[in-house]
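Values quoted throughout were computed directly from the atomic coordinates according to the rules given, and no laboratory measurement underlies them. Bear in mind the structure is a predicted one, so any value in this text is a computation, not a measurement. Backbone-built Cβ (ideal geometry, glycine too); neighbour counts: all protein chains shown.
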Amino acid sequence: MKKTAIYARVSTEKESQSSSLDRQIDELTEYALNNEMKIIKIIKEKESGFLEERDGIFNILELFKSKRIDNVLIQDSTRLGRGNAKMALIHQIHKMSGEIITLADQGPLALNDMETMIIEVLAIVEEYQQRLTNRKISRAMQRKIKEGNYNPANNLKNRDQGGRDRKKIPIEEIIRLRKLELTFKDIAATLRGLGYDVSKSTVHRRYQEYLKNNKKI
């Protein structure tokens, strides 16, 4: 039995859209049950499809990464996202060997020729960018260490302390790297290089928590 997550999205807070959200969930749940899918999680949110950094989408990606689900069930491809955001998310899910099931296609998401080509190009570009990013991070770290301005050991000394419920990651390092205009993905890669088992979504969440807490001060 395939493990699935149901994802429903609308873009506004209007009452009519709220009923649309409930209707999506009802239809998706019925489809899952009729097709012998085990529903692991139901996620719904009210966000623009053009926004890439959505909590619901981060949750979906984390479920795929942890192998808790085999596929995500959506009404149609626009629920996943719009424009570049949609193509980027499809690429990320495919990269983790995940499957996207839609009611519109009555099965796996059907991509047209143009969308298929975009996904292939994204994979090539991402691989090249990752190599450049790794080289950039490595050179930056080596320069800092050589200048005596950075010592990884200082950040690693507490890595084995604390509980398992909340990862111990250096928020100061996240803030510093963010000021250097590194993306959340690059920051996560840097921290993993320092021994922290951390994902892009976790880095993003901790940074947002930092911004929120400092606004209250």
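Annotations for the structure displayed:
- Taken along the Cα-to-beta-carbon direction at a fixed 7 Å, the label points for K179 and L51 span 2.8 nm.
- Among L194, S48, L211 - extreme Cα towards positive end, dipole of the chain, charges at beta-carbon: L194
- When the Gaussian network model of the chain links Cα atoms closer than 10 Å, the mean-square fluctuations of M87, M117, M37 top out at M117.
- Which label in (1) 19.4; (2) 20.5; (3) 17.9 gives the computed Kirkwood radius over Cα pairs in Å: (1)
- Each label was represented as a point 7 Å from its Cα along the Cα-to-Cβ direction; for S20 and E147 these points are 5.1 nm apart.
- Each label point was placed 7 Å from the Cα along the Cα-to-Cβ direction; for N35 and Y128 their separation is 3.6 nm.
- Counting only DSSP H runs of at least 4 residues, each contributing -39500 (n - 2.57), and dividing by the residue count of the chain, the helix-based mean residue ellipticity at 222 nm comes to -18500 deg cm²/dmol.
- Remark: the M96-L211 segment gains 38.4 nm on full extension, using 0.36 nm per residue and subtracting the alpha carbon distance.
- Springs between Cα atoms under 10 Å define the GNM used for the chain, and in it the highest mean-square fluctuation of E62, E99, E147 occurs at E147.
- Paramagnetic label zone (point 7 Å from Cα along Cα-to-C-beta, M117; backbone N under 19 Å) in region 69-89: 83-88
- Residue-span extension gain [R68 to E172] - 0.36 nm each, minus C-alpha spacing: 34.3 nm
- Region 2-110: relative contact order as a whole-number percent, Cα under 8 Å and 6+ apart: 31 percent
- Across K146, K95, K41, mean-square fluctuation computed from a Gaussian network of the chain (C-alpha pairs under 10 Å connected) peaks at K146.
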